[in-house]
Amino acid sequence: MKFMFHMDMYHNPISALGRYSLYPIFKLGRMALFLAEAFWHIFTPPFQWRKILEQLHFIGSKSMLIILLTGMFTGMVLGLQGYVSLARVGSEGALGMAVGLSLLREMGPVLTAFMIIARGGSAMSAEIAVMRISEQIDALITMNINPVRYLVSPRMAAAFICFPLLTAIFDVVGILGGLIAGSVILELESGVYFASVKSGVTMSDVTGGFIKSWVFGVLVIWVCCFQGYYAHKLPTGYGSKAVAHASTSSVVLSCVGILGVDYILTSFLL
């Protein structure tokens, strides 16, 4: 009788609606505690300098090439499109300001974060998900090693360092790409281009881009590591399916989250 009552409750549409309504709140609470624990272990000894250096190499050094290529072509496209648009109103001399502001305020932080997600975020989520599915994380707990401290905190600390530096590289290379498009291809004077950059870009624009890059770095590591860490609780199954779903969902959620957070930060930083 008790079992039949339980089955009736399970098939009750009202109780099902309650479960589906509470699940997002439960997951957001779990994510908040996960982020708080990861941050706490960054600033509490023993500090994991070796692990942080490894993640600096993985997130930062190995992303340099794709950042350089993406920044160069993005700047060149902005230079071409900006020149054509400004030429319609006779303001070709403002090309440097247009390219610089576009890169520093928006495209630099956002595209840098997207490239790191594509190169490192999915791999990070898949690695942690495989460790979860193969019970390596359970082995860490058995050996009295905190898995969040060991796996997540070094990545968070490394991202806090890497994201602003990579964003700065992206911005500089993008501005040079705009110079190539404006001066070499469209024959705009390079002195006019750099004078426009100098007069139009302020320190607040640079600071705003760095603030965004720091927030994006935390968001990317948070989402990607969380999806991998709790891959065994995903509703899509266990084993390879869970790893694939964790990797895919981490990329999608990170990209959507970056665009949403970018809008919120832009509304405050303008």
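The values are calculated or read from the model by the stated rules, or taken from the named source; none is laboratory data. Keep in mind that what you see is a predicted model, and the values were worked out from it rather than measured. So basically every Cβ, Gly included, is an ideal-geometry build from the backbone, and we count neighbours across all protein chains shown. With ligands, DNA and RNA removed, areas are computed over all heavy atoms of the protein, side chains included. Shrake-Rupley method; radii C 1.70, N 1.55, O 1.52, S 1.80 Å.
Tell me the carbon and sulfur percent of the accessible area for the chain, rounded to whole percent, probe radius 1.4 Å.
73 percent
About its Cα centre, how strong a charge dipole does the stretch 133-270 have in debye, to the nearest 20, once Lys and Arg get +1 and Asp and Glu get -1 at the Cβ?
420 debye
What do you get when you divide the Cα radius of gyration of the chain by 2.2 N^0.38 Å, with N the number of residues?
Its radius of gyration relative to the 2.2 N^0.38 Å reference: 1.24.
Any aspartates and glutamates with Cα under 17 Å of the LYS27 Cα? List them, leaving off those in the same chain fewer than 8 positions away.
By straight Cα distance, LYS27 reaches GLU37.
Run through every distinct alpha carbon pair of the stretch 16-156 and return the Kirkwood hydrodynamic radius in angstroms, one decimal place.
Mean inverse Cα-Cα distance, inverted, gives 18.8 Å.
Across the stretch 117-270, how large is the tail of the calculated P(r) beyond 24 Å, expressed as a percent of all Cα pairs?
48 percent
Could you list, in their original order, any pairs among LYS62/LYS212; LYS212/LYS233; LYS212/LYS241 whose Cα atoms are separated by more than 28 Å?
Cα-Cα > 28 Å for LYS212/LYS233; LYS212/LYS241; rest within.
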